[in-house]
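First the structure, in the form of structure tokens, and then the observations on it.
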Amino acid sequence: MRLLCLVMMFFVLCFTGVRQVDAEQPHIVFLIAEKEYQTEKTLPDFCEQYVHHGRVSFVYADPNEPNKLIGSEAVDTADLLFISVRRRTLPPQQLNRIRQYVQTGKPVIGIRTASHAFCLRNKEPEDGFAAWPEFDKTVFGGNYTNHYKNSLIATIQRANPTSTSAGFLLSGIKELPVNAGGSLYCVSPLEEKADVLLEGVVEGHAPEPVAWTFLRTDGGKSFYTSLGHVDDFRGPVLPRLLSNAIGWCLHE
């Protein structure tokens with residue numbers, strides 16, 4: 001019986017990992033459902049190294065049904081929602097849970113494919129599943145349309161942010177400019193209340209925003225970056241940027 005209990009506990013933690021700390025600390029919930037950038041590994045590793053104050057939960061896609069999340073009820077108690085999802089349509093109850101979280105005005109962080117998290121490309125969701133095609137614009141103030149070829153190496157550099165929070169978010173990031181690990185996303189133009197912190201440039205094209213903050217109409221604040229490739233997590237910019245963004249979302 002004891003062995004059975006241990007096996008069951010291991011199975012649950014594989015898909016809804018929770019790091020147990022002081023219950024009064026902020027609860028950070030990571031939604032991870034993408035197959036492109038290995039964030040099911042890079043984000044837990046990032047948390048282990050950089051997130052030392054807070055309860056952390058990891059919510060993953062069901063391995064048998066990629067358009068369902070295991071443990072999505074963790075969103076109900078989240079103080080910060082961190083999204084790394086790519087083109088998943090969810091059961092309406094699960095997607096409504098995320099909508100309701102956003103509507104409360106709580107903070108949201110998104111990386112890379114979060115700009116197209118809850119919609120499909122040129123098709124409708126199957127019966128029993130729901131999409132949120134306006135998610136990028138509504139939550140991040142973004143406008144993802146595509147990306148440049150992988151062969152075009154993007155140089156990441158500081159933009160000209162105007163908000164007073166820019167100094168905090170970019171603190172400790174001294175290695176700019178650097179090369180991005182992945183392709184440069186096409187996201188222009190952003191919504192008016194977006195404040196661009198970093199931009200990327202590929203040869204022969206105008207710069208594109210790479211990291212920005214956004215004040216949502218519900219009063220909440222969001223942070224988004226199109227960085228998120230495995231090599232970005234190994235580099236000098238993204239880990240510090242995300243660590244700063246978490247602090248900004250919870251404490252600034």
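The values are calculated or read from the model by the stated rules, or taken from the named source; none is laboratory data. Predicted model, so just to flag it, every value in this text is computed and none were measured. Every residue, glycine among them, receives a Cβ derived from its backbone with ideal geometry; neighbour counts consider all protein chains shown.
Residue-wise test of (1) in contact with a Leu (Cβ under 7 Å, 6 or more places away or on another chain); (2) closer than 20 Å to HIS116 by Cα.
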residue	(1), (2)
GLY172	no, no
VAL178	no, no
SER188	no, yes
GLU192	no, yes
VAL202	yes, no
TRP212	yes, yes
ASP218	no, no
PHE223	no, yes
PRO239	no, no
Conditions (1) in contact with a Phe, Trp or Tyr (Cβ under 9 Å, 6 or more places away or on another chain); (2) surrounded by fewer than 22 Cβ atoms within 10 Å (Cβ to Cβ): number failed by SER226:
(2)
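Results for (1) under 28 Å from GLU191 (Cβ atoms); (2) without any contact (Cβ under 8 Å) to a residue 60 or more places away in the chain; (3) buried (at least 19 other Cβ atoms within 10 Å of the Cβ); (4) under 17 Å from the mean Cα position of the chain (by Cα), shown as yes or no for each residue.
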{"position": "LEU43", "(1), (2), (3), (4)": "yes, yes, yes, yes"}
{"position": "PRO66", "(1), (2), (3), (4)": "no, yes, no, no"}
{"position": "SER72", "(1), (2), (3), (4)": "yes, yes, yes, yes"}
{"position": "ASP76", "(1), (2), (3), (4)": "yes, yes, no, no"}
{"position": "ASN96", "(1), (2), (3), (4)": "yes, yes, no, no"}
{"position": "GLY141", "(1), (2), (3), (4)": "yes, no, yes, yes"}
{"position": "LYS149", "(1), (2), (3), (4)": "yes, yes, no, no"}
Only one of LEU190, LEU250, LEU242, LEU198 is surrounded by 18 or more Cβ atoms within 10 Å (Cβ to Cβ) and either in contact with an Asp or Glu (Cβ under 6 Å, 6 or more places away or on another chain) or assigned to a helix (DSSP H, G or I) (or both), namely LEU242
Among what's in the stretch 78-94 and is touching a Leu at 6+ places or on another chain (Cβ under 7 Å) and more than 25 Å from GLU24 (Cα to Cα), pick the residue that is surrounded by the fewest Cβ atoms within 10 Å (Cβ to Cβ).
ARG87
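Filter the stretch 104-123 down to residues that are charged (D, E, K, R), over 25 Å from ILE246 (Cβ atoms) and either modelled with pLDDT of 95 or more or surrounded by 12 or more Cβ atoms within 10 Å (Cβ to Cβ) (or both), then give me how many there are.
At the first step, the residues of the stretch 104-123 found to be charged (D, E, K, R) are 106, 112, 121, 123.
Filter again for over 25 Å from ILE246 (Cβ atoms), leaving 121, 123.
With either modelled with pLDDT of 95 or more or surrounded by 12 or more Cβ atoms within 10 Å (Cβ to Cβ) (or both) added as a condition, the list becomes none.
Going through the stretch 104-123 one residue at a time, the tally reaches 0.
Determine if the stretch 172-179 includes at least one residue that is in a loop (DSSP other than H, G, I, E, B), in contact with a strand residue (DSSP E or B) (Cβ under 7 Å, 6 or more places away or on another chain) and surrounded by 19 or more Cβ atoms within 10 Å (Cβ to Cβ).
Let us first name the residues in the stretch 172-179 that are in a loop (DSSP other than H, G, I, E, B), namely 172-177.
Checking the rest, the ones that are also in contact with a strand residue (DSSP E or B) (Cβ under 7 Å, 6 or more places away or on another chain) come to 176-177.
Applying the additional criterion that residues be surrounded by 19 or more Cβ atoms within 10 Å (Cβ to Cβ) yields none.
No, the conditions are met nowhere in the stretch 172-179.
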Tell me whether the stretch 29-38 contains one or more residues that are at pLDDT 95 or above, outside any strand (DSSP E or B) and surrounded by 19 or more Cβ atoms within 10 Å (Cβ to Cβ).
yes
Exactly one of ASP218, ASP232 is out of contact with any Asp or Glu (no Cβ under 7 Å at 6 or more places or on another chain), crowded, with 22+ Cβ neighbours inside 10 Å and of a type in the set (D, E, K, R), and that residue is ASP232
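Is it fair to say ALA211 is among the aliphatic types (A, V, I, L, M) and surrounded by fewer than 21 Cβ atoms within 10 Å (Cβ to Cβ)?
Details: among the aliphatic types (A, V, I, L, M): yes; surrounded by fewer than 21 Cβ atoms within 10 Å (Cβ to Cβ): no.
The answer is no for ALA211.
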Among the residues of the stretch 46-54, is there at least one that is among the polar types (S, T, N, Q) and at pLDDT 95 or above?
yes
Pairs returned, first residue in the stretch 152-167 that is of a type outside the set (Ser, Thr, Tyr) and assigned to a loop (DSSP other than H, G, I, E, B), second residue that is surrounded by fewer than 17 Cβ atoms within 10 Å (Cβ to Cβ) and at pLDDT below 95, beta-carbon separation under 7 angstrom, 6 or more apart or interchain, are LEU152/GLU203
Tell me yes or no: at least one residue of the stretch 203-210 is closer than 19 Å to GLY172 by Cβ and either assigned to a strand (DSSP E or B) or in contact (Cβ under 8 Å) with a residue 24 or more places away in the chain (or both).
yes
